[in-house]
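> Got a structure for you, questions after.
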Amino acid sequence: MNNREIRILVVNPNTTASMTEKIRASAESVRGAGTRIAAVNPSEGPPSIEGHFDEAMCLPGLLREVQAGEAAGYDGFVVACFDDTGIGACREIATGPVVGICEAAMHAASMISTSFSVVTTLPRSVPIIERLAVEYGMERRLRRVRAADIPVLALEEEGGGARERVRDEVALAIEQDGCEAVILGCAGMADLTAWLSEETGVPVIDGVVAGVKMIEALVGAGFKTSKIGAYAAPIPK
Ligand code: 5HY
């Protein structure tokens, strides 16, 4: 029986500490007794990731955090940005498994339902997530990617109405898309999961939770990232 402690580093690739705290709380709420969680964000980079340019700009900080986590001996990593940005690069520098919250959430949804919709923040993120679904082989399970049309950081403002816009879009997804589960398409929505599941009676999946449990499972099974091909260590330059 492998009951060694599992250490997981959750990296919020944007620089908004309040979102990192929210992510930490979500991860802590489901961690197993033998799991230790650390949640970090880079000190430099975009305060929110809203599109391709921000995705690129967050990479140096993300990779620095993962490199530091690898040096500190973390067993696995969760990249807590729904764009799953930089996953391949993180897998090259990590020994243990690395999951992005989009991939983790889509796989979780595919095992508890036959179809799901995603509710994210801005319309510009919709095609990015649709492309990820194709990349992950989930296009047949995906009913629709919807946007609540709110900036990512609106989720950090109390009373600004962002929560309600997310709730309304989740309700539309259930009403109109024929989906059996809904995925929250932004790490900043992690604190809405229980409330929305309660309100709708439908499984609402937060990628942070799915990612942490997936890493626990992979590490617990003794799996590490394969180093014989695409995720081999970077070639020294
Ligand atoms: C995220 N952006 O999870 C993504 C998702 C989004 O700063 N954290 C961000 O809403 O585009």
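Computed from the coordinates by the stated procedures, all read-outs in this text should not be read as laboratory data. Just so it is clear, the structure is predicted and the values come from calculations on it, not from any experiment. For neighbour counting, all protein chains shown are included, and Cβ atoms are generated from backbone atoms with ideal geometry for every residue, glycine included.
> Please report the relative contact order for region 102-206, taking Cα pairs under 8 Å with a sequence separation of at least 6, and give it as a percent rounded to a whole number.
Numbers: 167 pairs, mean separation 34.3, N = 105.
Rounded, it is 33 percent for region 102-206.
> A further question follows. So what is the calculated 222 nm ellipticity per residue for the chain, using -39500 (n - 2.57) for each DSSP H run with n of 4 or more, over all residues, to the nearest 500 deg cm²/dmol?
Theoretical 222 nm ellipticity from helices: -13000 deg cm²/dmol.
> Estimate the FRET efficiency between Arg4 and Ala68 by the formula 1/(1 + (r/R0)^6), using the beta-carbon distance for r and 22 Å for R0, to the nearest 0.05.
Calculated transfer efficiency: 0.50.
> Is any residue of region 166-200 close enough, with backbone N under 15 Å, to a label point placed 7 angstrom from the Cα of Met111 along the Cα-Cβ axis, and if so, which?
none
> Next up: What angle do you read, to the nearest 10 degrees and between 0 and 90, between the alpha-carbon axis of helix 126-135 and the longest principal axis of the chain?
Once rounded, one gets 50 degrees.
> Projected area of the chain, taken from the Cα convex hull and averaged over every viewing direction, in nm²?
Numbers: hull surface 51.1 nm².
Across all orientations, the chain yields a mean hull projection of 12.8 nm².
> Please give the Cα centre distance for region 183-237 versus region 54-128, rounded to the nearest Å.
Their Cα centres are 7 Å away from one another.
> Starting from the exponent 0.38 and prefactor 2.2 Å, build the expected Rg for region 102-206 from its residue count and divide its actual Cα Rg by it.
Numbers: Rg = 12.4 Å, N = 105, 2.2 N^0.38 = 12.9 Å.
Dividing the Cα radius of gyration by 2.2 N^0.38 Å gives 0.96.
> Can you sort Lys224, Lys237 by how many other beta carbons sit within 10 Å, fewest first?
On the way: Lys224 14, Lys237 3.
By the 10 Å Cβ count, ascending: Lys237, Lys224.
> Between Ala221 and Glu130, what's the calculated FRET efficiency when r is the beta-carbon distance and R0 is 25 Å? Round to 0.05. Provide the component values of the computation, followed by the final result.
Details: r = 31 Å, r/R0 = 1.23.
That gives a FRET efficiency of 0.20.
> Express in nm, to one decimal, how much length is gained between Ala25 and Leu172 on full extension, taking 0.36 nm for each residue of separation and deducting their alpha carbon distance. All intermediate terms of the calculation are to be shown ahead of the outcome.
Values: separation 147, 0.36 × 147 = 52.92 nm, distance 2.77 nm.
Extra length from Ala25 to Leu172 when fully extended: 50.2 nm.
> Could you state the angle between the C-alpha long axis of helix 17-28 and the longest principal axis of the C-alpha atoms of the chain, as a value from 0 to 90 degrees rounded to the nearest 10?
The helix 17-28 is inclined about 80 degrees to the chain.
> Let me confirm the definition first: pairs of Lys residues in the chain, 8 or more apart or on different chains, C-alpha distance under 27 Å. How many are there?
On the way: Lys22/Lys213; Lys213/Lys224; Lys213/Lys227; Lys224/Lys237; Lys227/Lys237.
Taking the Cα cut-off of 27 Å, the pair count is 5.
> Suppose we keep just the DSSP beta bridges with both residues in the chain; what percent of those would be antiparallel, to 5?
On the way: 0 of 25 bridges.
Approximately 0 percent, going by the DSSP bridge assignments.
> Using a Gaussian network for the chain with springs between C-alpha atoms less than 10 Å apart, which of these wobbles most: Thr20, Thr121, Thr35?
Checking each option, the largest mean-square fluctuation is seen for Thr35.
> May I pose another question? Can you tell me, using C-alpha contacts under 8 Å and at least 6 residues apart, the relative contact order of the chain as a whole percent? Can you show the working numbers first?
Working: 482 pairs, mean separation 55.6, N = 237.
Result for the chain is 23 percent.
> At a threshold of 8 angstrom on Cα-Cα distance, excluding pairs fewer than six apart, so keeping six or more, what relative contact order does region 1-99 reach in percent? Mind showing how you got there, number by number?
Values: 170 pairs, mean separation 32.1, N = 99.
Contact order relative to length: 32 percent.
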